[in-house]
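Asks: Dropping a structure here in structure tokens format, bear with me for questions.
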Amino acid sequence: MNAPWKPGGPGQRDPFHAFVCDDHSFDLLRAVAAELGWAPEKVNKGGMRNAVQSLSITASPQILFVDMSESGDPLNDINSLAEVCEPGTVVIAAGQVNDVRLYRDLVASGIQDYLLKPFGADQLRDALAQAQAVFMAPRDAGPERPHCTMAVIGTRGGVGASSIATSLAWMLSEKKKRPTALLDLDVHFGTNALAMDLEPGRGLTDAIENPSRIDGLFIERAMVRASDTLAILSAEAPISQPMMTDGGAFYQLLEEFRAAFECSVIDLPRNMLIQHPHLMTDVNVALVVAELTLASARDTIRLLSWLKGNAPQTRILVVANRVHPGSPEISRKDFEQSIERKLDVVVPFDLRIASQAAKLGKTLAETAKGSKIGAACASLMEQALGATDAAEGVDLGKGAARKGDSLLGKIDFRAMLPTRRKDKAALED
Ligand SMILES: Nc1ncnc2c1ncn2[C@@H]1O[C@H](COP(=O)(O)OP(=O)(O)OP(=O)(O)O)[C@@H](O)[C@H]1O
Ligand SMILES: [Mg+2]
């Protein structure tokens, strides 16, 4: 249900009004209303038009039943009704059109239920009981939060991007209770479902093969539920089967996620950026996951530069993962100098927690409660959420690459290597 009919408290409203077009429905509604202790005279003759007229001059009821049989343009009429109906009213519509698309559109417009005529007393009782439950259910009265889309991009293979993506999605859904969608775009080798001990299902494969089928209902059916607040779309596409898509399916999926969830987390393999750069168009925050190695430093620079040119609206967080407490290939200081910005989050290497997570089929963040990894993951989530609020006017950190500058050219990578490797490199010159 969307905003116009989002339920509020009982208040002083009439419990029930109905506007029906035919005698049979009129009699049935009066009888069932009486059963429920509601005034039968609140059942009126006349359908949608009368409902709109009446509600424009009287207070809206808790539950509104409206017959749309005489409505020429149901969706348009529903919008007219939304303009005069106070927030909180739960609306049940009835009509003669047996079309699932209409049903979905009506539900998307805020209708609680749609009864196909002729309906029986039991069907009506059920629908009214459900509407009552919806009306009475406690709701978060807070303001609606805008949807946030976060992409997690590994600078190199195996840096732990998927571990970060699944952890982020888990934390958003569990700790922040935000309905979250996790989209694993590593179509052949993705591990998001595996990390949560789930079967990936065929959802993503179906979406790629048939983008025209993607809509709200598809999302509901195709996504695998990890919990009440977390759903995953992923695949284990056969290795022999190349991915045939122009990317349309992905944009469509993200579009639908925006309507159905509060947060979307995309595990976005960096190769996808080459094929489908437009995937970044609506991403609010990108988490660039690196490790403290030479190759990762180089590719962090290249990715930051690419993002600056191709996704200027996206806030960037650089996350170093699998950071060994001893001596990494490149020190943190050198790494930060080379990418010309500070690391936003440093996640330590912890084999025990990583293998525990794999054994339990839980995300790294869930397994890491109370540890340094847990604290780093929590900081990562807070920063990512903070960054979504400030997603306008992004900059890539102090002194990030300006157009035309080649940061790579300015950096002496060898100088960053530990002495032994440096000596070896010098010998090879
Ligand atoms: N902080 C960490 N400490 C120890 N091990 C970790 C940590 N983060 C991730 N790992 C482990 O590193 C391995 C690779 O992680 P993951 O699959 O998340 O990386 P990836 O970047 O998504 O890899 P790919 O490039 O294959 O997609 C996994 O075995 C994971 O358990
Ligand atoms: Mg991965």
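Results for (1) assigned to a helix (DSSP H, G or I); (2) within 23 Å of ALA260 (Cα to Cα), shown as yes or no for each residue.
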{"residue": "VAL97", "(1), (2)": "no, no"}
{"residue": "ASP105", "(1), (2)": "yes, yes"}
{"residue": "GLN123", "(1), (2)": "yes, no"}
{"residue": "ALA133", "(1), (2)": "yes, yes"}
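Asks: Out of the helices (runs of 4 or more DSSP H) lying entirely within the range 318-418, which hold 3 or more residues that are at pLDDT 95 or above and farther than 19 Å from SER163 by Cα?
Replies: 332-339
Asks: Do we have any residue at all in the range 158-173 that's assigned to a loop (DSSP other than H, G, I, E, B), polar (S, T, N, Q), outside the structural domain of CYS21 (by TED's automatic domain parsing) and under 22 Å from the mean Cα position of the chain (by Cα)?
Replies: no
Asks: I would also like to ask the following. Return the residue satisfying two criteria in turn: it lies in the range 38-83 and is touching a residue at least 60 places away in the same chain (Cβ under 8 Å) and aliphatic (A, V, I, L, M), and of such residues it is farthest from GLY110 (Cα to Cα).
Replies: Among residues in the range 38-83 that are touching a residue at least 60 places away in the same chain (Cβ under 8 Å) and aliphatic (A, V, I, L, M), the one farthest from GLY110 (Cα to Cα) is ILE63.
Asks: Only one of LEU115, LEU128, LEU183 is within 16 Å of ligand 1 (Cβ to nearest atom) and surrounded by 14 or more Cβ atoms within 10 Å (Cβ to Cβ). Can you tell me which?
Replies: LEU183
Asks: Something else now. From the set of residues in the range 264-290 that are crowded, with 24+ Cβ neighbours inside 10 Å and under 21 Å from LEU194 (Cβ atoms), which is nearest to ligand 2 (Cβ to nearest atom)?
Replies: Going through the qualifying residues, I end up with ASP267.
Asks: Looking at (1) within 30 Å of ILE353 (Cα to Cα); (2) within 16 Å of ligand 2 (Cβ to nearest atom), can you tell me which one MET243 breaks?
Replies: Going through (1) within 30 Å of ILE353 (Cα to Cα); (2) within 16 Å of ligand 2 (Cβ to nearest atom) one by one, MET243 breaks only (1).
Asks: Can you pull out every residue in the range 38-85 that is closer than 16 Å to GLN112 by Cα and not in a helix (DSSP H, G or I)?
Replies: Of everything in the range 38-85, those that are closer than 16 Å to GLN112 by Cα and not in a helix (DSSP H, G or I) turn out to be SER60, PRO61, GLN62, ILE63, LEU64, PHE65, VAL66, ASP67, MET68, CYS85.
Asks: Looking for whichever is out of contact with any helix residue (DSSP H, G or I) (no Cβ under 6 Å at 6 or more places or on another chain), touching a residue at least 40 places away in the same chain (Cβ under 8 Å) and not basic (Lys, Arg) here; the options are LEU106, LEU172. Which one fits?
Replies: Selected residue: LEU172, the only one of LEU106, LEU172 that is out of contact with any helix residue (DSSP H, G or I) (no Cβ under 6 Å at 6 or more places or on another chain), touching a residue at least 40 places away in the same chain (Cβ under 8 Å) and not basic (Lys, Arg).
Asks: If you don't mind, another one. Before we move on, is SER305 part of a helix (DSSP H, G or I), free of Cβ contacts under 8 Å to residues at least 12 places away in the same chain and away from ligand 1 (no atom under 16 Å from the Cβ)?
Replies: So SER305 fails the test.
Asks: Does GLY190 satisfy the criteria of being within 16 Å of ligand 1 (Cβ to nearest atom) and in the same structural domain as VAL347 (by TED's automatic domain parsing)?
Replies: yes
Asks: Within the bounds of the range 169-176, is there any residue that is within 16 Å of ligand 2 (Cβ to nearest atom) and crowded, with 21+ Cβ neighbours inside 10 Å?
Replies: yes
Asks: Mind listing whichever residues of the range 312-322 are buried (at least 18 other Cβ atoms within 10 Å of the Cβ) and either more than 24 Å from the chain's Cα centre (by Cα) or of a type outside the set (Ser, Thr, Tyr) (or both)?
Replies: ARG315, ILE316, LEU317, VAL318, VAL319, ALA320, ASN321, ARG322
Asks: OK, next. Mind counting the residues in the range 247-276 that are more than 21 Å from PHE189 (Cβ to Cβ) and touching a Gly at 6+ places or on another chain (Cβ under 9 Å)?
Replies: The number of residues fulfilling the criteria is 3.
Asks: How many of the residues making up the range 193-220 are away from ligand 1 (no atom under 16 Å from the Cβ) and of a type in the set (A, V, I, L, M)?
Replies: Total meeting the criteria: 5.
Asks: Something else: Sort through LEU182, LEU217 and tell me the only one that's at pLDDT 95 or above and either away from ligand 2 (no atom under 16 Å from the Cβ) or assigned by TED's automatic domain parsing to the domain that holds GLY154 (or both).
Replies: LEU182
The values are calculated or read from the model by the stated rules, or taken from the named source; none is laboratory data. Since the model is a prediction, treat every value here as computed from it, not as a measurement. Neighbour counts run over all protein chains shown; Cβ positions are idealised from the backbone, glycine included.
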